[in-house]
Amino acid sequence: MTEGNFVDYVKIYVASGKGGKGSSHLHREKFIEKGGPDGGDGGRGGHVILRGNKNLWTLFHLKFLRHVKAGHGGDGGSSRSTGADGEDKFIEVPLGTVIKDKETGEILFEITEHDETKILAKGGKGGLGNWHFRSATNQTPRYAQPGITGEEVDVILELKVLADVGLVGFPNAGKSTLLSVLTSAKPKIADYPFTTLKPNLGIVAYRDFQSFVVADIPGIIEGAAEGKGLGHYFLRHIERNSTLLFLVPADADDIKKEYEILLDELRRYNTEMLDKDRLIVISKCDMLDDELQKEMQQQLDKDFKGIEYMFISSIAQQGLTELKDKLWKMLNA
Ligand SMILES: Nc1nc2c(ncn2[C@@H]2O[C@H](COP(=O)(O)OP(=O)(O)OP(=O)(O)O)[C@@H](O)[C@H]2O)c(=O)[nH]1
Ligand SMILES: [Mg+2]
């Protein structure tokens, strides 16, 4: 995945199919003078249905889809034959997709499970054929029901769950670099702050064909709550991640302070962010020699009493396997 793969909001117009007409056919046969009514029912109009798919991570595949229309039901025929149902249309969405009515903003529903389906626009019912309308007083009704029209609705699809692990850190902490070595994502990396302007996602292939998803978001700075830097805007993308990975570079002036600033910005955004599992990762540890790293460890043991931390270097490929193992354990705890 590269920059620009990230789509978490799309608008779609959906229309279900109209029900087919009921038939008002009268039976005709040689030697039978007055056949009875034998018009069949119209078929149901097609539904537009949403379906959860655990292999999708964004709404990118729906980016250029503006309209979805299901098929109309077929009309009823003679000999009580029922019209065919209109073709249903499925829209596949990642888990965590919230569907809103575009007009009212009301949340209609949310897809959270694989293969879960929800009818977004119900197909119109087919009309009944004249056969149903026989009565004592009218043996040959020449009347049948029309099909019912389908529904149309403008919806907004919004993605909330994006990844299992969210990367949190100051600009330039090495978040995108870490994503690029853990996954096949190719985010932009550069030696200046705010290189990343939009979230990037990557899939970490773990042992035995397991995998988990990591989201790299733009850097957070002190005062983000007041709109500094890119502000809090992107935090919503890690709101539902179960685990947050705090990345602080080894050359930070004060590692503990940097961590606390990040934590405080998250708290100001939404206190529930602090209920998530956290892991502190000191990045760029290739810049430390053994002695310096030991010294730092002693300090961090004091600073982070009880909170787990680990050292990694994306560039020197140090600590990455341990990091994956650790994340996997946290996600599956
Ligand atoms: N020495 C060293 N440098 C690193 C390492 N990881 C990243 N860097 C460098 O740090 C700089 C910033 O890296 P990025 O991955 O773009 O940082 P970021 O956190 O994504 O930054 P923003 O997108 O601006 O928030 C780049 O020059 C990287 O080459 C590392 O493990 N060791
Ligand atoms: Mg970046």
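A few points about this structure:
- Residue 197 being among the hydrophobic types (A, V, I, L, M, F, W, C), in a helix (DSSP H, G or I) and over 18 Å from the mean Cα position of the chain (by Cα): no
- The strands (runs of 3 or more DSSP E) falling completely within the range 64-150 that include 2 or more residues that are under 24 Å from residue 201 (Cβ atoms) map to 89-93, 97-101, 107-111.
- Odd one out for residue 200 among (1) modelled with pLDDT of 90 or more; (2) crowded, with 22+ Cβ neighbours inside 10 Å; (3) within 12 Å of ligand 2 (Cβ to nearest atom): (1)
- Any hit, the range 253-263, residues being open to solvent by 10 Å² or more (accessible area, probe 1.4 Å), closer than 20 Å to residue 7 by Cβ and part of a helix (DSSP H, G or I): no
- Scanning the range 284-304 for residues that are of a type outside the set (D, E, K, R), more than 16 Å from ligand 1 (Cβ to nearest atom), surrounded by fewer than 15 Cβ atoms within 10 Å (Cβ to Cβ) and part of a helix (DSSP H, G or I) yields 297, 298, 299.
- The listed residue being at positive phi and open to solvent by less than 70 Å² (accessible area, probe 1.4 Å), out of 105, 150, 126: 105
- Filter result (among the hydrophobic types (A, V, I, L, M, F, W, C), in contact with a Phe, Trp or Tyr (Cβ under 9 Å, 6 or more places away or on another chain) and touching a residue at least 60 places away in the same chain (Cβ under 8 Å)) within the range 58-94: 59
- From 167, 157, residue being surrounded by 22 or more Cβ atoms within 10 Å (Cβ to Cβ), in a strand (DSSP E or B) and more than 16 Å from ligand 1 (Cβ to nearest atom): 157
- Of all residues in the range 305-320, those satisfying the criterion of being surrounded by fewer than 17 Cβ atoms within 10 Å (Cβ to Cβ) and within 15 Å of ligand 1 (Cβ to nearest atom) are 310, 315, 316, 317, 318, 320.
- Residue in the range 35-54 that is under 16 Å from residue 120 (Cβ atoms) and assigned to a helix (DSSP H, G or I) present: no
- Tally of residues being assigned to a helix (DSSP H, G or I) and near ligand 1 (Cβ under 8 Å from one of its atoms) across the range 180-192: 1
- Residue within the range 209-224 that is away from ligand 1 (no atom under 14 Å from the Cβ), outside any loop (DSSP other than H, G, I, E, B), among the aliphatic types (A, V, I, L, M) and surrounded by fewer than 23 Cβ atoms within 10 Å (Cβ to Cβ) present: yes
- Selected residue (criterion: farthest from residue 88 (Cα to Cα)) from residues of the range 133-145 that are open to solvent by less than 90 Å² (accessible area, probe 1.4 Å) and touching a residue at least 24 places away in the same chain (Cβ under 8 Å): 140
- Of all residue pairs spaced 6 or more apart or on separate chains, those with beta-carbon atoms under 7 Å, a first member in the range 284-306 that is touching a residue at least 12 places away in the same chain (Cβ under 8 Å) and a second member that is within 16 Å of ligand 2 (Cβ to nearest atom) and open to solvent by 60 Å² or more (accessible area, probe 1.4 Å) are 286/315.
- Restricting 194, 170, 209 to residues that are at pLDDT below 95 and more than 16 Å from ligand 2 (Cβ to nearest atom) narrows the list to 209.
- Residue in the range 181-191 that is surrounded by the fewest Cβ atoms within 10 Å (Cβ to Cβ), counting only those that are within 13 Å of ligand 2 (Cβ to nearest atom) and within 22 Å of the chain's Cα centre (by Cα): 186
- Verdict on residue 246 being at pLDDT 85 or above, within 16 Å of ligand 2 (Cβ to nearest atom) and either within 25 Å of residue 267 (Cβ to Cβ) or not assigned by TED's automatic domain parsing to the domain that holds residue 267 (or both): yes
The values are calculated or read from the model by the stated rules, or taken from the named source; none is laboratory data. Since the structure is predicted, the reported quantities are computational estimates derived from the model, not experimental observations. All Cβ positions, even for glycine, are placed from backbone atoms using ideal geometry, and neighbour counts span all protein chains on display. These accessible areas exclude ligands, DNA and RNA; they are computed on the full protein's heavy atoms, side chains included. Shrake-Rupley method; radii C 1.70, N 1.55, O 1.52, S 1.80 Å.
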